[in-house]
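Asks: Have a look at this one.
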Amino acid sequence: MKYVIEHMEQGFSEWVILEYSQIIREIGKENLFLTSLPEGTTEKDIPQALKDLGLQWTTKGVNEIGTAETPLNSNRVCILDPKAETDLIPEDANGYDWLVFGGILGSHPPRDLTQELIRKYGYTGKRLGDKQMTTDTAVRTTNLILEKQTKFEDIKFIDYPEFRFNKSEAVEMPFRYILNEQGRPILPEGMFALIKKDSEQSLDDLLA
Ligand code: SAM
């Protein structure tokens, strides 16, 4: 199966770089395509960390990509959309080859931007439960459901976990995450440090 992230943010934030890097490490560089980068984007605009991992990217939209071994047939494309009416199930593995995600940073409350992709391309939308996930969590969940044939209700999630940095500092993330075997939310490599840095920054801004 091929995974597509339609990049919908301006540029590449540190957060997005960590998420995309983790997705490549988990599903393999040959299975991920980053689409809809701004016209005129060149290799020098792509962050080194993503180039080093072999990111495949294009300024084309998802409707214009496809590979010789997995052509893009619009009936077999699914957009993962938090506002879709039907949840993704293991049986959907027979129906789709291309899974499309919004390259959108999580926001609270959600901005519902994924629906723009449905309006733009007209592909079928499926939901992964009723809580907003980070993009890497959404890809991980889709992979478990379709490729590992795990039912959504058998995946162990945590909603809005609190990340504690020390006795007095903690931050709650308003997203759903998958738990690892140690019962901790799965985060991209480097994300804990980034969340800590960002929360110190917001505290500094507040006190300035
Ligand atoms: N608030 C966002 C929006 O504007 O739609 C959600 C962005 S979410 C951080 C990034 C991507 O992960 C979404 O575009 C979607 O593809 C996927 N995603 C996250 N939670 C999901 C859910 N519950 N069901 C389906 N897809 C989800």
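The values are calculated or read from the model by the stated rules, or taken from the named source; none is laboratory data. Because the structure is a prediction, the values reported are computed rather than measured. Because the Cβ atoms are built from the backbone with ideal geometry, glycine has one as well, and the counts that use them run over all protein chains shown. In case anyone asks, the SASA skips ligands and DNA or RNA and just uses the protein heavy atoms, side chains included. Shrake-Rupley method; radii C 1.70, N 1.55, O 1.52, S 1.80 Å.
Asks: Carbon-plus-sulfur fraction of the accessible area of the stretch 120-178, 1.4 Å probe, in percent? Mind dumping the intermediate values first?
Replies: On the way: 1310 of 2970 Å².
C and S fraction of accessible area: 44 percent.
Asks: Another question, if that's okay. Strictly over 25 Å apart at the Cα level, which of Lys44/Lys83; Lys29/Lys60; Lys2/Lys83; Lys120/Lys148 would you flag in this model? Walk me through the intermediate numbers first.
Replies: Details: Lys44/Lys83 35 Å; Lys29/Lys60 18 Å; Lys2/Lys83 22 Å; Lys120/Lys148 30 Å.
Distance filter (> 25 Å) returns Lys44/Lys83; Lys120/Lys148.
Asks: Using only alpha-carbon positions, what ratio does the radius of gyration of the chain give when scaled by 2.2 N^0.38 Å?
Replies: Details: Rg = 17.2 Å, N = 208, 2.2 N^0.38 = 16.7 Å.
Normalised by 2.2 N^0.38 Å, the Cα Rg of the chain equals 1.03.
Asks: Hey, another quick one. Please report the antiparallel percentage of the DSSP beta bridges confined to the stretch 58-173, to the nearest 5. Could you put the intermediate results ahead of the total?
Replies: Details: 3 of 10 bridges.
Percentage antiparallel, nearest 5: 30.
Asks: Which of Ala68, Ala193, Ala84 moves most in a GNM of the chain, Cα contacts under 10 Å?
Replies: With Cα springs under 10 Å in the chain, the top fluctuation among Ala68, Ala193, Ala84 is at Ala68.
Asks: Find the accessible area per residue for the chain; the probe is 1.4 Å, ligands and nucleic acids are left out, and the unit is Å².
Replies: Numbers: 11100 Å² over 208 residues.
Per-residue accessible area for the chain comes out at 53 Å².
Asks: Please give the calculated 222 nm ellipticity per residue for the chain, where each DSSP H segment of at least 4 residues contributes -39500 (n - 2.57) and the sum is spread over every residue; nearest 500 deg cm²/dmol? Numbers along the way, then the final one.
Replies: On the way: 5 runs with 56 residues, N = 208.
After summing the helix terms and dividing by residue count, I get -8000 deg cm²/dmol.
Asks: If I build a Gaussian network model for the chain, linking alpha-carbon pairs within less than 10 angstrom, which residue out of Asp130, Asp52, Asp159 has the largest mean-square fluctuation?
Replies: Asp52
Asks: Separate question: Which Cα, out of Val77, Gln22, Gly54, lies furthest along the positive dipole direction of the stretch 1-139 (beta carbon charges, K/R +1, D/E -1)?
Replies: Val77
Asks: Please report, as a whole percent, how much of the solvent-accessible surface of the stretch 35-119 comes from carbon and sulfur atoms (probe radius 1.4 Å). Write down the numbers at each step before the final one.
Replies: On the way: 2180 of 4620 Å².
Carbon and sulfur atoms account for 47 percent of the accessible area of the stretch 35-119.
Asks: Next question, about the same structure. Say we join alpha carbon atoms closer than 10 Å with springs in a Gaussian network model of the chain; which of Gln22, Gln182, Gln149 then has the biggest fluctuation?
Replies: Greatest mean-square fluctuation among the candidates belongs to Gln182.
Asks: Under 1.5 on a/c is rounded, so check that first for the stretch 41-96, then, if it is not, pick prolate when a/b is larger than b/c and oblate when it is not; a ≥ b ≥ c are the square roots of the alpha carbon gyration tensor eigenvalues.
Replies: Numbers: a/c = 2.34, a/b = 1.85, b/c = 1.27.
Since a/c reaches 1.5 and a/b is larger than b/c, the shape of the stretch 41-96 is classed as prolate.
Asks: Another question, if that's okay. When DSSP assigns beta bridges and you keep just the ones with both residues in the chain, what percent turn out antiparallel, to the nearest 5?
Replies: Numbers: 7 of 27 bridges.
Counting DSSP beta bridges with both partners in the chain, the antiparallel share is about 25 percent.
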